[in-house]
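Q: Here's a structure for you.
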Amino acid sequence: MRKLLKKAGVCLLSLSMVLTSNVGVSAAGISSKKGAAVDTKTGSIVIDGNDIKADNVNGLTYKGFGMLSANSTSDLLMDYKSQNPEKYAELMQYLFGGKYPIFTHVKLEMGNDRNNSTGAESATMRTKGEKANVLRNPGWQLAADAKKINPDLKVSILRWRTPAWVKKDEDRYIWYKQSILAAYEKYGYMVDYINPNVNEAWSGAGDVKYTKKFAKWIAAESTATIKDEKALELFRKIKLVVSDEANVVSDSVAETMKSDQEFMDAVDVVGYHYKTADDNNGGMKWLAEVVDKEVWNSEEQATFSNSAFRPATTDKAPTVAGTGIGGSGSALEMGNTVIKSFVDSRRGHVIYQPAIGAYYEGAQYSFKELVSARDPWSGWMHYDAGLLVLAHISKFAVTGWENEDNTAGIWRGVPSASKASAYQGTSSNAVDGRAGGENYMTLAAPTKDNFSTMIVNDSEYPMTYTLQTKNMKLAADQKLELWETRAADDGAFNENYMKCIQELSADENGVYSFEVKPNSAVTVTSLDVSDSEEHTKTMPVEGERTVLDTDATGDVQNVDDGYLYADDFEYTGKTVPVLDGKGGFTGESEDYIESRGGQKGAMARYTHTLNGAFEVYKSGNGNHVLRQQVDKQSTGVGTAWNSGDPVTLIGDYRWTNYTASIDALFEREAEKQYAQIGIRETGRTQNLSNCAGYSLKVNDDGTWILYRAKMGSTSTKATELLTGSVDVKQVAPGTWFQLKLRGEGNVIKAYINDVLVATYEDSNPITSGRVAIGSGNTYTRFDNLAVTKIKGYASYYNEYIDNMETYDLTPEKNAKLIYNNRWSLTCANQGMFTYQRSASYSTGTGAKLTYTFTGTGLELLGCNKADAGTLNVTVDGESYAKGAKLWVADNMCTAYQIDGLEDTEHTVSIEVASGGLAVDAVAVIGSVYNGEEVTMTPKVGTETGLPEEELPTELTENVVPDIGTPSPSPSREPEQSAVPSQEPAPSPTATAVPSAAPSQDQPAAPAASSVRKGYSFTAQGMTYVVTDAAKKTVSLKAPASKKLKTAAVPAMVKTTADGTTYSFRVTAISDKAFAGCSALKKITIGKNVTSIGKEAFAKDKALKKIVIKSTGLTKVGKNAVKGISAKAKISCGKNVKAYKKLFTAKTGYKKSMKIGK
C-alpha cells in the first residue's frame, strides 16, 4: 500500500473529490487569482486501451521534441563549453539526459556563410574541392555531445541556401554527403534524416523529382563510393523528410504520394512549420494512421519573453489582470500548440527553432527560446518554464523512435483521448486557449499498462476534469499522480514548478476527478515517479550576469585593470575539456583551435556572426588572425535571407563608455573593399552601420565615413556624420592599419592609425552596446582587438533590468521595480528587438516608476519619440528634474538618463508629467573608472603573397562512380526581392554522386495527371493552387516568405508536373494570402486577377501602394485591406469609378486612402 502522504514538496494527497456530477456544467463564482470571480469549466477524458495502436510504429509513436541549431543561434554555445564547462555540461544533461529526456533530436542547418535571419551558419565546404569541415560549426559538436548522453538521439540536416559552388542537384548531394561523412569521421555519429530540398520553399513537382533522385543515390552507395563498411551501412539507412513548408499546409504532398508510389517509398517524414492544421483532405492523419508515416511539426516557436517575470504582466485575457506563465506567446500557448498539432494533424514530433538562444540580444528573432545562453564568460543561463511544459509530456512517457522489432516500448499517441479546443489564429504560433475549454493529449504504452495525459489550461478559468479508463491493463486499485506547473502564489517565482500535488483514486464508478487551476499545465499519469530525482530536481535558476571585464588575455575576469576585453586570436595553450556523457568530464582535453575548426578556420571566442565568416586563421608567418573567409573571387558569395556584408559581434551589451580598436589588412586588390568597427551595438538590423550606435568605415581607397545608427530604422542606410580620407598608402592591400572608436559619454572620436580624424558630439546619444566588426566580401584580416576603459567614465551598467522585473529570483522574492497603478505591463505582441519581448507603457499622467539601486546613475531604455512625453524625476527624495524631455530611442536604447550621482545607494522615482512613456528596460550605471588608460599601438608592417593559399575548386578523387546522365537542372533557391544576384563561381565538373539506375520493379506512373483542381505548387517565391484545370486558372495562395517588401501577382505562372509544363492564368488572390506581411510596402496585381479574397492584405501595416493592372476585377473580399497604411494609394488606371464601388468600408478601405489612376 502506498504512503498516503509523501515527503513534503514531492507528492501531496488531497482530500478525495468526486465531481462527476459536474461534467459539462459550469459552476459560477469560483475565485480565480486576485479575487476575480470567473466560471469553472469542465472536461472529460476517456482512455480506451483498444485505441492504442501498438502495430503503428512510425505515425503514432511519439518522438518527443527536437531542437534546431541554425541561423547562428548556437554561436556562443561552444564558448560556454570552453569558458564555463560545468554550466555547459549541466545544460546538456538537463536537456538530453535521464530516462525520460526532454529532447530526442538535434536538427542542423547546412549553412553557406550568409545571413539566414538571426545570423550566418558556417559552410562545411566553401569550394567543391575543400575537405568538409564540420568542426567550425557549433551545431555538429552540440549533436555529438548530445549523442554521448543519449545514443538514441536522432540527428537531421536541412538547408535554406547553398554555397556559391553548388550549381546542380549533384553538387548538393556531394555537399551533403561529404559533410555527413566528415561528422561520422570526427564524431562517430551518422545523420539520420535529410531534407534534400529547400527549407520552407516546397516547389511541388520539381522537389518530388529530386527527392526520388536523392533516394536512389543513397540506395546506390557501395563500398566503391563509401569505403568504410560501417559508415556505408549507416549512410544507406538515412531517411528523407519532405515539404517543411511554413504557415502553409498544402495538399500536394499527400496527394502526390497517393498517386506516385516511388515518391511514397522515398519519403519517410512529412513536416510542416507553425500551422497545426491538416491539409484540406486530411492527408496528415491519413499518413500517420493509415500509411504509418512520420508527421512532424518540423519547426516551431518556443516561448516569447521570460516566463520567470511574465507573471508581473497586467494583461487581461479576458477579464482578470495577470496571466501567470500563460497568455500570448507564453509557455502555455506553446503547450497548446503541441497538443493541437497532434490532435489536428497527428504531428508526433515538434522541433523548436531555436531551443537554445546562444547569440547576442538584439539579433533578428531574439527572445523566442527555451534556454537563453548569451553570457559565456559568466556562465549565466536562463532556463524557461517552457521546458517544464515540454517535460510534462516527455518526462511522463517513453518517447523516441520505435526499433525495427517494435520492442522499444515507445508510447503511442491516442487520438481518441486527445482534444484541442484552443484556436489558431492567422499569425504563426497564435494558438489561443484563453477562452478555456478542453486541451489535452494522451500518450500510452503499447502494452496498455501505463499512460499519461498532459493538460494545458491557458485561461483564467478553473477547470474540473474527470478521467476514466477501459480496456487497459492497470491495477484494480490504480492510483494516478497529478503533476502541476504554474506561476507562484506568494513565494519564490518557481515554487509551483513541476510539483506532484495530488494522488488520485477512482470512485466506485472507476472515475478519477481533479482540478486544473487557471494558467497551468498538469499531467495525470499512471507512472509512479513522485520520488524520482529526475522528476523532482529543481530546474536550474539563472544566476548573476557578470559583465565581461577581463585582463589583456580576454580570458580572465579582472575589474581593476584598464581592459574590458582583448583578443589577439592566438589562444596559446588553451584547451577544452571532453564531456563524459554523464554530466561530467573524462579528464581529457582538446586543443582549443583544433576543436573549433582547425588552423585554417576556427570559431573565434565570443563572436556572433550576422553575415560572412569570421574565423581564426593561422597565417604564413605563424601568427593567428581573425580572417573574414568569404571572398567574391575565391569562394563566391551565396544568397542570403537578409542581404548585406560580413559582420560579427563581440562583447557585452551593457558596455557604455570605452575605446575599441582593431588592426586590419586587405589581402589583395578587390572591388568594394573596406574594414569597419562599431561601438555600442544593440541590434535591429544585420547591417553594421545601422546596428552599431556609431561606426567607422575605412575603404581601400583611403576614404572613411563615421556613421550613427538611425533610430526606428532597420535599413542599410545609417546617418553619415562625417567623412574624409587618409593617404591611400596607409590602407593599401598587404598593409596593416588600425581603426579605433572612442565613446565617452555623448562624444564620439574616430582614429585611423592612432590619428584623430573625427569628433562628433551627440545631443541624443546611443549610450551602450557591444563591439561590431565588418568588411566587404573579400579576404580581410583583423588582429589585436582591444576594448579599453576611459578614465573618468563608467565603463558599463552594473544592472540591466527587464521592465517586468518587479521581483528578483531569490527564494525571498525581493521587490525590484515598483510601478503605481497607471501602467500597462505586457508581454503580448512585442517585437523581436524588444528586450525579453515585454514592455511597460504609462496609461496617463502621474504614472510613476521607482527603483532603489547602488550606482552612479540610472537609464530608462525603450522605444520613445522625443515629443512622446515629459518626466518629473526625484533622486533620494529631492527633485532632480521637472518637465524633462525624452531622447529619441529604439528598444534597448536610452530614452532618459540620470548620471553623475555618488557611487552609493539611491532611490529614484520617475513620474510622467505629460504624454506617455515606454519602458523596455532599466539600467543602473556602474562605478566610474579612475585608473590609467591602456594605449594600443597600431600594428605596422606589410605582408606579401596574399592570399597564401587558395582552396581547391575540384574534388581530388572520384569518391563514387560517375552517374550515367548528369542532371542539368539548377539548384532551386527561394527568390527574395531583397537579395541581390551574386557573381557565380566557376562551374564544377567532377562528381561525387553514385549511379542512380532506375528501379526495375517500380510501378508505371499513373496515366492521369496529378494537376487538377486543388493541386498546389510553388513558383517564383509564391504558392499557387489550381482553381480550374480545364480553364488553366490558379489562385495565389501565399508568398513563400512573409518578410517581402515588394511583391507582384503575375498574369501567368508556369509549373512542371509529371514531365509536362503547364501555364496558368492567375485569376485570384486567396483569402489571407498576404495577411501579416508587415514589411510589405508595395503590391502589383496582374492583369488577369478578377477576385481578391477576404483579409488578403490584412494587417499589412506598411502597405502604402497597390497597383491594379487588371481591368476585370469584380470582387474584393471582406477586410481585404483592413489594417494597411491609412494613407495607402490604390492605382487602377481607367477603372477608378468601377473600383471605388468594390473598395467599400467592408473591405477595410478608409476615407484617408486614395483610389486613382
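Q: Aromatic (Phe, Trp, Tyr), outside the structural domain of TYR1062 (by TED's automatic domain parsing), at pLDDT 95 or above and buried (at least 21 other Cβ atoms within 10 Å of the Cβ): is that true of TRP160 in this structure? It would help to see each step written out before you state the result.
A: Values: aromatic (Phe, Trp, Tyr): yes; outside the structural domain of TYR1062 (by TED's automatic domain parsing): yes; at pLDDT 95 or above: no; buried (at least 21 other Cβ atoms within 10 Å of the Cβ): yes.
The answer is no for TRP160.
Q: Moving on to the next point. Looking at region 760-798, which of its residues are among the aromatic types (Phe, Trp, Tyr) and not in a strand (DSSP E or B)?
A: So in region 760-798, the residues among the aromatic types (Phe, Trp, Tyr) come out as 760, 779, 782, 793, 796-797.
Matches in region 760-798: TYR779 only.
Q: Which members of region 854-878 meet the condition of being without any contact (Cβ under 8 Å) to a residue 60 or more places away in the chain, small (Gly, Ala, Ser) and more than 16 Å from ASN820 (Cβ to Cβ)? Steps first, please.
A: Taking region 854-878 and keeping what is without any contact (Cβ under 8 Å) to a residue 60 or more places away in the chain, we get 862, 864-865, 867-878.
Now drop any that are not small (Gly, Ala, Ser), which leaves 862, 868-869, 877.
Once the filter is applied, which keeps residues that are without any contact (Cβ under 8 Å) to a residue 60 or more places away in the chain, small (Gly, Ala, Ser) and more than 16 Å from ASN820 (Cβ to Cβ), region 854-878 yields GLY862, ALA868, GLY877.
Q: Just checking, which of TYR841, TYR796, TYR800 is within 30 Å of SER1078 (Cβ to Cβ), among the aromatic types (Phe, Trp, Tyr), surrounded by 22 or more Cβ atoms within 10 Å (Cβ to Cβ) and under 31 Å from the mean Cα position of the chain (by Cα)? Break it down into steps so the answer makes sense when it comes.
A: On the way: TYR841 fails: surrounded by 22 or more Cβ atoms within 10 Å (Cβ to Cβ); TYR796 fails: within 30 Å of SER1078 (Cβ to Cβ).
Of TYR841, TYR796, TYR800, the one residue that is within 30 Å of SER1078 (Cβ to Cβ), among the aromatic types (Phe, Trp, Tyr), surrounded by 22 or more Cβ atoms within 10 Å (Cβ to Cβ) and under 31 Å from the mean Cα position of the chain (by Cα) is TYR800.
Q: Within region 670-713, track down each residue that is within 18 Å of THR894 (Cα to Cα), in a loop (DSSP other than H, G, I, E, B) and among the aliphatic types (A, V, I, L, M).
A: Listed by number, the residues that qualify are ALA709, MET711.
Q: If you don't mind, there's one more thing I want to ask. Conditions: (1) more than 33 Å from the chain's Cα centre (by Cα); (2) crowded, with 20+ Cβ neighbours inside 10 Å. ASP560 meets all but one. Number of the miss?
A: Result: ASP560 fails condition (2) only.
Q: Something else: Among the listed residues LEU871, LEU858, which satisfies the condition of being more than 33 Å from the chain's Cα centre (by Cα), farther than 24 Å from MET936 by Cβ and assigned to a strand (DSSP E or B)? Give the steps one after another, and end with the answer.
A: On the way: LEU858 fails: more than 33 Å from the chain's Cα centre (by Cα).
Checking each option against the conditions leaves just LEU871.
Q: Moving on. Taking into account only those residues within region 567-581 that are more than 28 Å from the chain's Cα centre (by Cα) and not in a strand (DSSP E or B), which is surrounded by the most Cβ atoms within 10 Å (Cβ to Cβ)?
A: Among them, the one singled out is PHE569.
Q: Can you go through LYS1043, LYS1072 and tell me which one is under 37 Å from the mean Cα position of the chain (by Cα), surrounded by 19 or more Cβ atoms within 10 Å (Cβ to Cβ) and closer than 28 Å to SER643 by Cβ?
A: LYS1072
Q: Does VAL106 satisfy the criteria of being modelled with pLDDT of 95 or more and buried (at least 24 other Cβ atoms within 10 Å of the Cβ)?
A: Values: modelled with pLDDT of 95 or more: yes; buried (at least 24 other Cβ atoms within 10 Å of the Cβ): yes.
Judged against the criteria, VAL106 is a match.
Q: Within region 802-823, which residues are in a strand (DSSP E or B) and either in contact (Cβ under 8 Å) with a residue 40 or more places away in the chain or in the same structural domain as HIS382 (by TED's automatic domain parsing) (or both)? Can you show your working first?
A: Quick first cut of region 802-823, residues in a strand (DSSP E or B) only: 802, 807, 815, 818-819, 823.
Scanning region 802-823 gives ASP802, TYR807, TRP823.
Q: Among the residues of region 734-745, what is the count of those that are surrounded by fewer than 19 Cβ atoms within 10 Å (Cβ to Cβ) and either closer than 18 Å to PRO938 by Cα or in contact with a strand residue (DSSP E or B) (Cβ under 6 Å, 6 or more places away or on another chain) (or both)? Steps first, please.
A: Step one: filter region 734-745 for residues surrounded by fewer than 19 Cβ atoms within 10 Å (Cβ to Cβ), giving 734-735, 744-745.
Checking which are either closer than 18 Å to PRO938 by Cα or in contact with a strand residue (DSSP E or B) (Cβ under 6 Å, 6 or more places away or on another chain) (or both) leaves us with 734-735, 744.
Total satisfying the criteria: 3.
Q: Okay, next question. Could you tell me whether any residue of region 136-153 is surrounded by 24 or more Cβ atoms within 10 Å (Cβ to Cβ) and either free of Cβ contacts under 8 Å to residues at least 12 places away in the same chain or β-branched (Val, Ile, Thr) (or both)?
A: Within region 136-153, none of the residues are surrounded by 24 or more Cβ atoms within 10 Å (Cβ to Cβ) and either free of Cβ contacts under 8 Å to residues at least 12 places away in the same chain or β-branched (Val, Ile, Thr) (or both).
Q: Consider region 263-274. How many of its residues are buried (at least 19 other Cβ atoms within 10 Å of the Cβ) and either in contact (Cβ under 8 Å) with a residue 60 or more places away in the chain or aliphatic (A, V, I, L, M) (or both)?
A: Let us first name the residues in region 263-274 that are buried (at least 19 other Cβ atoms within 10 Å of the Cβ), namely 263, 266-267, 269-274.
From what's left, either in contact (Cβ under 8 Å) with a residue 60 or more places away in the chain or aliphatic (A, V, I, L, M) (or both): 266-267, 269-274.
Final tally of qualifying residues: 8.
Q: Checking the condition in contact (Cβ under 8 Å) with a residue 24 or more places away in the chain, among the hydrophobic types (A, V, I, L, M, F, W, C) and closer than 24 Å to GLN730 by Cα, which residue from ALA660, ALA640, ALA602 passes? Outline the logic, then answer.
A: Working: ALA640 fails: closer than 24 Å to GLN730 by Cα; ALA602 fails: closer than 24 Å to GLN730 by Cα.
Going through ALA660, ALA640, ALA602 in turn, the sole match is ALA660.
Q: Something else now. Which count do you get for residues in region 714-747 that are under 30 Å from LEU886 (Cα atoms), hydrophobic (A, V, I, L, M, F, W, C) and outside any strand (DSSP E or B)?
A: 1
Q: Turning to a different aspect of this structure: Out of (1) touching a Leu at 6+ places or on another chain (Cβ under 9 Å); (2) part of a helix (DSSP H, G or I), the odd one out for GLY400 is which?
A: Unmet for GLY400, out of (1) touching a Leu at 6+ places or on another chain (Cβ under 9 Å); (2) part of a helix (DSSP H, G or I): (2).
Okay, residues lined up against (1) in a strand (DSSP E or B); (2) out of contact with any helix residue (DSSP H, G or I) (no Cβ under 6 Å at 6 or more places or on another chain); (3) without any contact (Cβ under 8 Å) to a residue 60 or more places away in the chain; (4) on the phi < 0 side of the Ramachandran plot:
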residue: TYR800; (1), (2), (3), (4): yes, yes, no, yes
residue: GLN836; (1), (2), (3), (4): no, yes, no, no
residue: THR852; (1), (2), (3), (4): yes, yes, yes, yes
residue: TYR880; (1), (2), (3), (4): yes, yes, yes, yes
residue: TYR896; (1), (2), (3), (4): yes, yes, yes, yes
residue: VAL912; (1), (2), (3), (4): yes, yes, no, yes
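Q: In this structure, does PRO518 turn out to be at pLDDT 95 or above, within 29 Å of the chain's Cα centre (by Cα), assigned to a loop (DSSP other than H, G, I, E, B) and buried (at least 21 other Cβ atoms within 10 Å of the Cβ)?
A: Details: at pLDDT 95 or above: yes; within 29 Å of the chain's Cα centre (by Cα): yes; assigned to a loop (DSSP other than H, G, I, E, B): yes; buried (at least 21 other Cβ atoms within 10 Å of the Cβ): yes.
Considered against the rule, which asks whether it is at pLDDT 95 or above, within 29 Å of the chain's Cα centre (by Cα), assigned to a loop (DSSP other than H, G, I, E, B) and buried (at least 21 other Cβ atoms within 10 Å of the Cβ), PRO518 comes out as yes.
Q: Can I ask one more? Pull out all pairs, ordered by first then second residue, where Cβ-Cβ is under 7 Å, the residues are six or more apart or on different chains, the first lies in region 297-319 and is outside the structural domain of ASN336 (by TED's automatic domain parsing), and the second is in a loop (DSSP other than H, G, I, E, B) and of a type outside the set (Asp, Glu).
A: The qualifying pairs do not exist here.
Q: On the given criteria, is ILE1108 out of contact with any helix residue (DSSP H, G or I) (no Cβ under 8 Å at 6 or more places or on another chain) and either closer than 19 Å to LYS1045 by Cα or surrounded by 19 or more Cβ atoms within 10 Å (Cβ to Cβ) (or both)? Explain how you work it out, then say what you get.
A: Details: out of contact with any helix residue (DSSP H, G or I) (no Cβ under 8 Å at 6 or more places or on another chain): no; either closer than 19 Å to LYS1045 by Cα or surrounded by 19 or more Cβ atoms within 10 Å (Cβ to Cβ) (or both): yes.
No: the conditions fail for ILE1108.
The values are calculated or read from the model by the stated rules, or taken from the named source; none is laboratory data. Please read these numbers as outputs of a predicted model, since none were measured by experiment. All Cβ positions, glycine included, derive from the backbone under ideal geometry; neighbour counts span all protein chains shown.
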